[in-house]
Amino acid sequence: KELVRQAAEAAPRIKALVQRISRWDVSVSHAELAHRHDYCRPEIDDSKRLELVDARHPVVERLAALGRFVPNDVSLDAERERLWIVTGPNMAGKSTLLRQVALISILAQLGSFVPAKRARIGLVDRVLSRVGASDNLARGESTFMVEMRETADILRSATDRSLVILDEIGRGTSTFDGLAIAWAVAEHLDEAIGCRALFATHYHELTELGQNSEHVANHSVSARELAGDIVFLHRLVSGAASRSYGIAVAKLAGIPEAVLGRARG
């Protein structure tokens, strides 16, 4: 009982000590991470810009073979070029690009150095993402319904200071409906919300938005096809991709040659 009483009396001092130690622990962890993996100190300001030079994914680059991860530059500005339509084949790195931009923004605003050569990030009020495929069968929600519900939440929540990443919106329904939804979502992000956004898609028709709006730009993750095989360069370049190399990716996945031949025909 005496020990409990003494501990209770010391509780305020113990809590203060724990808070200090926890701050030191976080700071030391961030410092070691930045030093070991060559992170830079980001510049944070009140602008609505997001500029990254040689940006990397903090997890994927650690899992990739040494020197194999290809860094990329990203430059978004809510007042100018704010929406990027990102095209390119599967496995080329579109999803990695979207996620690394979001993760770098979060890391920067929590006080960490970031995996890039240089970073300038205008304050982001929230990071909103729609990536991957999932369903909720227990509630009777298909994959497409979950996708649409999450997209609806993004469109209701986003402001002109948000960062939005969208990956393959509209793929879970018919091509006509899916393209129409993806087009309308992209237009709404550009014209109604005006936020910084990355929109990865295989709907090459969406690249027309880059020709019709001064705030939309087309970028692609490059790849080459050699003797029927695809070579991923993982380099982000300006302009739209000419094709998605779907059959080449299917070949990598092990689809039988008879099926591939029929698909080519």
- Query: Just to be sure, is Ser95 in contact (Cβ under 8 Å) with a residue 60 or more places away in the chain and surrounded by 17 or more Cβ atoms within 10 Å (Cβ to Cβ)?
  - Reply: yes
- Filtered residues of segment 50-108 (kept if in a strand (DSSP E or B) and acidic (Asp, Glu)): Glu51, Asp54, Asp73, Asp77
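Okay, residues lined up against (1) crowded, with 19+ Cβ neighbours inside 10 Å; (2) within 17 Å of the chain's Cα centre (by Cα):
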| site | (1), (2) |
| --- | --- |
| Leu198 | yes, yes |
| Thr201 | yes, yes |
| Thr207 | yes, no |
| Gln211 | no, no |
| Val221 | yes, yes |
| Arg224 | no, no |
| Phe232 | yes, no |
- Tell me, please, whether a residue that is of a type in the set (D, E, K, R) and crowded, with 22+ Cβ neighbours inside 10 Å can be found in segment 163-184. no
- Note on the structure: Residue pairs qualifying under the 8 Å Cβ cut-off, at least six apart or on distinct chains, with the first in segment 142-159 being over 17 Å from Trp183 (Cα atoms) and the second being among the polar types (S, T, N, Q) and not in a helix (DSSP H, G or I), are Thr143/Ser134; Met145/Asn136; Val146/Ser134; Val146/Asn136
- Query: Could you give every pair whose Cβ atoms fall below 6 Å, whose first residue belongs to segment 206-224 and is closer than 21 Å to Asp160 by Cβ, and whose second residue is in a helix (DSSP H, G or I), counting only separations of at least 6 or pairs across chains?
  - Reply: Leu209/Ala186; Ser213/Asp190; His215/Asp190; Val216/Asp190; Val216/Leu209; Val216/Gly210; Ala217/Gly210
- Query: Just one of the numbered conditions (1) crowded, with 19+ Cβ neighbours inside 10 Å; (2) modelled with pLDDT of 95 or more is not true of Gly88; which one?
  - Reply: (2)
- Quick check: is even one residue across segment 121-133 more than 16 Å from the chain's Cα centre (by Cα) and of a type outside the set (D, E, K, R)? yes
- Query: Given the conditions (1) open to solvent by 50 Å² or more (accessible area, probe 1.4 Å); (2) small (Gly, Ala, Ser); (3) out of contact with any helix residue (DSSP H, G or I) (no Cβ under 9 Å at 6 or more places or on another chain), and given that Ala192 satisfies all but one, which numbered condition is not satisfied?
  - Reply: (3)
- Query: Taking the stated definitions as given, is Val114 of a type in the set (A, V, I, L, M) and at pLDDT below 95?
  - Reply: no
- Message: Looking at Asp73 and the list (1) in contact with a Phe, Trp or Tyr (Cβ under 7 Å, 6 or more places away or on another chain); (2) open to solvent by 70 Å² or more (accessible area, probe 1.4 Å); (3) under 29 Å from Ser157 (Cα atoms), which single condition is not satisfied?
- Response: (1)
- Message: Looking at (1) modelled with pLDDT of 85 or more; (2) of a type outside the set (D, E, K, R); (3) open to solvent by less than 60 Å² (accessible area, probe 1.4 Å), which one does Asn136 not meet, given that it meets all the others?
- Response: (1)
- Task: Would you be able to say whether some residue in segment 20-27 is among the aliphatic types (A, V, I, L, M), surrounded by 10 or more Cβ atoms within 10 Å (Cβ to Cβ) and not in a helix (DSSP H, G or I)?
- Result: no
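The values are calculated or read from the model by the stated rules, or taken from the named source; none is laboratory data. Note that the structure is a prediction, hence the values are computed from the model and not measured. Note that we place each Cβ from the backbone using ideal geometry, even for glycine, and neighbour counts take in every protein chain shown. When the accessible area is computed, the model is the full protein with side chains, heavy atoms only, and any ligands, DNA or RNA have been set aside. Shrake-Rupley method; radii C 1.70, N 1.55, O 1.52, S 1.80 Å.
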